[in-house]
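Taking it in order: structure first as structure tokens, then the write-up.
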Amino acid sequence: MEQWKIDRINELARLAKCRELTPDEAIERQRLREEDLESVRRNLREALENTYIDDGRGNLRKLRRRENK
């Protein structure tokens, strides 16, 4: 996520502490928060896809995705 978007999220958070946000500001804050959360999830997913487990005997195996229950 771009730095200016993070700065805008922080600015809206400060405004929300001082006064009630306008409907447009509230929508913008929610949209930016969702975008930030998706970015965090995507980065975590990519990191886990490149993770290997060492079984203690020097064997490496790729971390597999767990099936949803």
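The values are calculated or read from the model by the stated rules, or taken from the named source; none is laboratory data. Worth saying up front: this structure is predicted, and the values here are computed from it rather than measured. Quick reminder, even Gly has a Cβ in these numbers, built from the backbone with ideal geometry, and neighbours come from all protein chains shown. We work out accessible area using only protein heavy atoms, side chains counted, and drop any ligands, DNA or RNA first. Shrake-Rupley method; radii C 1.70, N 1.55, O 1.52, S 1.80 Å.
Is it the case, given these coordinates, that GLU11 is at pLDDT 95 or above, open to solvent by less than 60 Å² (accessible area, probe 1.4 Å) and not β-branched (Val, Ile, Thr)? Considered against the rule, which asks whether it is at pLDDT 95 or above, open to solvent by less than 60 Å² (accessible area, probe 1.4 Å) and not β-branched (Val, Ile, Thr), GLU11 comes out as no.
Scanning the range 41-57 for residues that are hydrophobic (A, V, I, L, M, F, W, C) and either in a loop (DSSP other than H, G, I, E, B) or loosely packed, with under 11 Cβ neighbours inside 10 Å (or both) returns LEU44, ALA47. The test for being over 27 Å from TRP4 (Cα atoms), without any contact (Cβ under 8 Å) to a residue 40 or more places away in the chain, aliphatic (A, V, I, L, M) and open to solvent by 100 Å² or more (accessible area, probe 1.4 Å) holds for LEU60.
Within the option set GLU67, GLU20, GLU34, GLU25, being open to solvent by less than 80 Å² (accessible area, probe 1.4 Å) and either modelled with pLDDT of 95 or more or more than 20 Å from the chain's Cα centre (by Cα) (or both) holds for one residue only, GLU25. Of all residues in the range 15-33, those that are without any contact (Cβ under 8 Å) to a residue 60 or more places away in the chain have Cβ atoms under 6 Å from Cβ atoms of residues that are surrounded by 13 or more Cβ atoms within 10 Å (Cβ to Cβ) and of a type in the set (D, E, K, R), 6 or more apart or on another chain, in LEU32/LYS5. Annotation note: of ASP7, ASP36, the sole residue that is of a type in the set (D, E, K, R) and touching a residue at least 24 places away in the same chain (Cβ under 8 Å) is ASP36.
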